[in-house]
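Laboratory data are not the source of any read-out in this text; all were calculated from the coordinates shown. Predicted model only: the values in this text are computed from it and were never measured. Neighbour counts run over all protein chains shown; Cβ positions are idealised from the backbone, glycine included.
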Amino acid sequence: MRVAVLILGLLALAAPAAAQRRDLPVPLGKGWQHADSGVILTATLAGLPRTMLTDNGTAERDIAAEFAGPDRATVATIHIFRPALMSVPIWFDRAQTAIALRDIYGGATPVAPLPTPFAHPGAAVASGLRQVYVPGHGKYKSTALAVTPVGAWLVAVRLSSTTLDPAAADAKLSALMAAIRWPTTGDSAPVAKPVGECADGLTFHKAAVRKPDMMQALLGGAIAASMEKDHPADATPVEYCRDPVPPTVNYGVYRAMGTSDGYTLAVADSGRIADVYKGLTLPGQPSTGGYAVTYADLDGSIATFPSFDQLPQPQQVLDLVLDGHQPIARTATGAGGKTGITIGLPR
């Protein structure tokens with residue numbers, strides 16, 4: 001692996017600016033193709049015309065399209081994104097949690113105990129998951145969700161209706177999936193199965209952040225570069241379980257099956273993750289060891305943050321990576337597939 005290291009000395013390494021949502025210049029009444037995934041959204045899907053097409057950024061890595069009738073009795077939203085961690089079970093679980101916890105659905109419950117694996121048109125493997133939910137109260141009679149992979153990309157379809165009962169919503173979801181024009185992809189994706197709860201829970205601590213130094217930054221950046229190389233977005237997914245800690249809209253805690261020395265924090269249902277893992281301990285380097293933290297974004301970059309002295313609480317990790325704290329290293333792949341590591345430490 002070719003790696004370039006840029007050292008900024010004792011300068012703060014700026015965090016990336018928050019992505020700005022922009023409307024794509026596609027007239028209503030015209031179809032559109034997502035170039036990288038090959039997914040085509042026609043102007044109307046299953047009788048619902050497109051009303052919105054936006055990109056949460058500048059590179060079409062986080063697309064949202066809305067389809068709705070004039071009365072907006074039935075609204076469908078289609079998200080196309082390249083997740084930092086390719087796992088249909090995790091991102092379906094996160095989207096399902098958001099549905100269950102949103103006030104607008106009044107404690108929606110699924111119509112079946114488990115979501116159903118399915119193959120979208122043109123796929124030979126049931127690598128997606130889908131489910132229909134009954135809202136507890138409010139104006140909606142039904143809501144539905146489907147998540148399926150397309151190569152290294154995920155397509156999430158959400159449908160809510162004030163007029164369709166759950167059976168009709170399920171049929172409408174099927175019609176929407178059939179109306180999308182899907183590219184032909186290989187069969188590398190496994191059959192999807194819902195994520196289950198881990199047999200035991202981790203013990204979290206009110207951990208302290210260690211003071212970073214150059215060795216911690218260099219080591220963290222190098223490990224992140226290895227993670228980017230060895231675990232690309234289109235790699236075969238690892239099987240995960242969900243830690244028993246109660247999930248929130250903001251995050252869920254997951255672990256690779258059979259592991260207990262760290263965890264993956266799935267941020268909202270955004271496709272972004274923070275990994276917490278035991279750091280390497282180097283003799284004579286007191287800042288090494290502990291629990292390292294990296295944050296992987298949809299653009300493929302991985303930011304390394306100062307480590308914790310103990311296994312941190314999930315909210316501590318979320319605060320560290322999202323609330324303005326500066327990373328000490330950033331790893332990204334540039335032109336020609338060359339991986340660059342930018343190192344920076346606070347003054």
Too-long pairs where the Cα-Cα distance tops 29 Å, listed order kept, from Lys30/Lys172; Lys139/Lys193; Lys30/Lys193; Lys193/Lys338: Lys139/Lys193; Lys30/Lys193; Lys193/Lys338
Among (1) 40, 22, 19; (2) 52, 22, 17; (3) 37, 23, 18, the entry derived from the coordinates for semi-axes √(5λ) of the Cα gyration tensor in Å: (3)
With at most 16 neighbouring Cβ atoms within 10 Å, loop GluC sites (Glu not before Pro) (DSSP) excluded, longest segment of the chain: 61-238
Estimated FRET transfer efficiency (Ser260, Arg102; beta-carbon r; R0 45 Å; 0.05): 0.90
Length gained when the stretch Val26-Asp165 is fully extended (0.36 nm per residue, less Cα-Cα span): 46.8 nm
Sum of -39500 (n - 2.57) over DSSP H runs of 4+, divided by residues of the chain (222 nm, nearest 500): -5000 deg cm²/dmol
Distant-in-sequence amide H partners of Asp62 (H built 1.01 Å from N, under 5 Å): Asn56
Estimated dipole of region 21-179 in Debye, rounded to 20 [Cβ of Lys and Arg +1, of Asp and Glu -1, Cα centre]: 100
Selected from Asp165, Asp299, Asp62 as most flexible by GNM, with the chain as the system and alpha-carbon contacts under 10 Å: Asp165
Under the span-like rule (Cα at least 15 Å along the axis, Kyte-Doolittle mean at least -1.0), DSSP H helices of the chain: 88-101, 166-179, 214-230
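Quick one: Trp153, Trp182, fewest Cβ neighbours within 10 Å first, how do they rank?
Trp182, Trp153
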Within region 36-78: backbone nitrogen closer than 20 Å to the Ser174 label point (7 Å, Cα to C-beta): 45-48, 74-77
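Treating only the Cβ atoms of Lys and Arg (+1) and Asp and Glu (-1) as charged, compute the dipole magnitude of the chain about its Cα centre; round to the nearest 20 debye.
Numbers: 28 positive and 28 negative charges, 90 e Å.
Computed charge dipole of the chain: roughly 440 debye.
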Projected area averaged over orientations for region 21-179, convex hull of C-alpha atoms, nm²: 9.0
From phi via Karplus (6.51, -1.76, 1.60), per-residue ³J(HN,Hα) for region 188-195 in Hz, x at Gly/Pro: 6, 6, x, 4, 7, 9, x, 6
